[in-house]
Amino acid sequence: DLELPGVRHFVQTAGDGQSIVFLHGAQLNSDLWLEQLRFFASAYHCIAYDLRGHGRTGRSSFRRYSVEVYVDDLLTLLDQLGCEQVTLCGLSLGGMIAQTFAARYPKRVRALILCDTGVSTRYFASDRVLNLAMAVMAAPILGSFGVTRYRKFTHRLHECIGHRTWVTQTMVGKRFAEEAMEMID
């Protein structure tokens, strides 16, 4: 664990060499990357951590999280770990964090690996509507419906705006996503 401004972050590391930082997507956690940490640890210093408000990192006093908040956390984390230049691998929200970090601190980034991500969720009307709906309804729905019904709700919401799949179609993936959502405070 590492203390960052306002919250203690859960961090997983493995291996030695050039650093790769794995950034998970919204409502998930760093366990998403366990297989990659195991695989790449033989040649790289692998780092995965739970974003603020996710997994074992938990919430902080921030009223609202943003990509910029996550970029600041990433910079502090890299400084504390002594990582001068890294490869960033991000899924969805993690990819947005990686891109923003690379634009802001280009000398700190050796390479980007972007998985199922966009540049921002502000450019397309469907993304803005989905984000607004999620921001307003996520906590009350999750609290009253529970994780399984919340996951089904978000799946249906994605289908309504044209996204045909949601996170994963495997039972292992669905179980991981449900467990990760249950960890969100």
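The values are calculated or read from the model by the stated rules, or taken from the named source; none is laboratory data. Because the structure is predicted, anything quoted here is derived from the model rather than measured. Note that each Cβ is placed from the backbone with ideal geometry, even for glycine, and that neighbours are counted across all protein chains shown. Ligands, DNA and RNA are excluded from the accessible area calculation, which covers all protein heavy atoms including side chains. Shrake-Rupley method; radii C 1.70, N 1.55, O 1.52, S 1.80 Å.
Points worth noting:
- Rg and Dmax of segment 11-54, Cα atoms only, in Å: 10.1, 31
- Chain lengthening between R64 and T76 when straightened (0.36 nm per residue, less Cα-Cα): 2.4 nm
- Overall, the accessible surface of segment 64-110 at a probe of 1.4 angstrom is composed of carbon and sulfur to the extent of 51 percent.
- In the context of the full set of protein chains, residues of segment 1-98 present 43 Å² of accessible surface per residue (probe radius 1.4 Å, heavy atoms only).
- Sorted on the mean count of surrounding Cβ atoms within 10 Å across their residues, most packed first, peptides 75-81, 27-33, 43-49, 98-104 read 27-33, 43-49, 98-104, 75-81.
- Globularity index of segment 1-124, i.e. its alpha-carbon radius of gyration over 2.2 N^0.38 Å: 0.96
- The listed residues S42, S19, S144 rank as S42, S144, S19 when sorted by accessible area, largest first, using a 1.4 Å probe.
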